[in-house]
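To start, the structure under review is shown below, and the notes come after it.
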Amino acid sequence: MEIRAKRLKELEMPTRTRLYEVGHTRDITVEERHTDDGSLEQVVLEYIVEEGDVEYFANEYRPEDVPETGANVIDITAVMVNHIEKCVKWHLYDIKRTLAGKSTVVKLYNQWNCGLRYLQESVLAQILGYCVIPDLGVVTRNYDEERMKRLRDEYKKRCHETESNRQNMTLPQRKRRTKIAEERAVWKASQAILDGYFQAENGNDTYEIYIRKLVHENDEVYKMKLLV
């Protein structure tokens, strides 16, 4: 089977959710603007297409058969396939203004899982046997490791207390099982970020997590470049 992607024309700007084939050297910029202060985060993807290369890009990629409701999409999916060397290098990144807080870390963890699944089904499954170079992470202005540790410790404690009191749970407490699962998800996600390794939901593959910092260029713009 072939990789199904729309060929991106030289001056065309890609739209969200679609997978594009990039057939020529160019830059593609992914932006996040914040209405509260007008600030802008930019990640400039540098595509350098050489002999044997076929490259791909998607912003908030979601395959056509995946419903929009409830989908966890990731900001950046970028892939370089070289059919001569039989090698593929991929990048999965989300842009976060601040890497902190329970909802942010759980959402990021789910975005990595879904981004990987979409990538595997739409691209990697079509080029089995190629060597794979993964690059997974988050692009952010602010990352406070001590705050992340406090978050991890808080939810780790909550989970341990729940486990130790499992036998003595009252009926209302047992009905809190959904809440307990949410607390466990916060602990798991924050621990993964601190450890610097993400284990995919299939349980077989582990990926190093890269935290890339945006550079404050002026009053409004935070920017970085990423070579595909």
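Whats the longest run of the chain with zero trypsin sites (Lys or Arg not before Pro) that are DSSP loop and have at most 16 other Cβ atoms within 10 Å? Value returned for the longest uninterrupted segment is 87-174.
What you get for the chain, charging only the Cβ of Lys and Arg (+1) and of Asp and Glu (-1), is a dipole of about 1420 debye around the Cα centre. Computed with a 1.4 Å probe over protein heavy atoms only, the accessible surface of the range 101-162 comes to 48 Å² per residue.
Per-residue extension of 0.36 nm, minus the Cα-Cα distance of V44 and R4, leaves a gain of 12.0 nm for this segment.
With r as the distance between the Cβ atoms of D135 and L194 and R0 = 22 Å, compute the FRET efficiency 1/(1 + (r/R0)^6) and round to 0.05. Can you show the working numbers first?
Numbers: r = 20 Å, r/R0 = 0.89.
That gives a FRET efficiency of 0.65.
Within the range 1-139, DSSP assigns beta bridges of which about 70% are antiparallel (rounded to the nearest 5). Summing Cβ point charges (Lys, Arg +1; Asp, Glu -1) relative to the Cα centre of the range 65-127 gives a dipole of roughly 300 debye.
When its C-alpha radius of gyration is set against 2.2 N^0.38 Å (N residues), the range 51-108 gives a value of 1.44.
A 1.4 Å probe, protein heavy atoms only, puts the accessible area of S164 near 80 Å².
What is the gain in length, in nm to one decimal, between T17 and E31 on full extension, counting 0.36 nm per residue of separation less the C-alpha to C-alpha distance?
Numbers: separation 14, 0.36 × 14 = 5.04 nm, distance 1.44 nm.
So the extension gain works out to 3.6 nm.
When the helices in the chain are scored as -39500 (n - 2.57) per DSSP H run of 4 or longer and the sum is shared across all residues, what 222 nm value do you end up with, to the nearest 500 deg cm²/dmol? Walk me through the numbers on the way to the answer.
Working: 4 runs with 64 residues, N = 228.
Roughly -9500 deg cm²/dmol at 222 nm, from the helical runs in the chain.
Spin-label pair E145-H160: with each label point 7 Å from Cα along the Cα-Cβ axis, the two points sit 2.2 nm from one another. The length gained on full extension between A71 and H216, counted as 0.36 nm times the residue separation minus their Cα-Cα distance, comes to 49.1 nm.
Using the average count of surrounding beta-carbon atoms within 10 Å as a protection proxy, the listed peptides 74-85, 126-137 rank, highest first, as 74-85, 126-137. If you model the range 8-129 as an ellipsoid using its alpha carbon gyration tensor, with each semi-axis the square root of five times an eigenvalue, the axes come out at 26, 18, 13 Å, biggest first. Taking the accessible area of the chain, probe 1.4 Å, and keeping the other protein chains in place, the carbon and sulfur fraction comes to 46%.
Between the range 1-60 and the range 106-122, the C-alpha centres lie 18 angstrom from each other. The equivalent ellipsoid that matches the C-alpha gyration tensor of the range 85-143 spans semi-axes of 27, 12, 6 angstrom, in descending order.
The values are calculated or read from the model by the stated rules, or taken from the named source; none is laboratory data. Since the model is a prediction, treat every value here as computed from it, not as a measurement. Don't worry about glycine lacking a Cβ; one is built from the backbone with ideal geometry, like all the others, and counts go over all protein chains shown. These area figures cover heavy atoms from the full protein model, side chains too; ligands, DNA and RNA do not enter into them. Shrake-Rupley method; radii C 1.70, N 1.55, O 1.52, S 1.80 Å.
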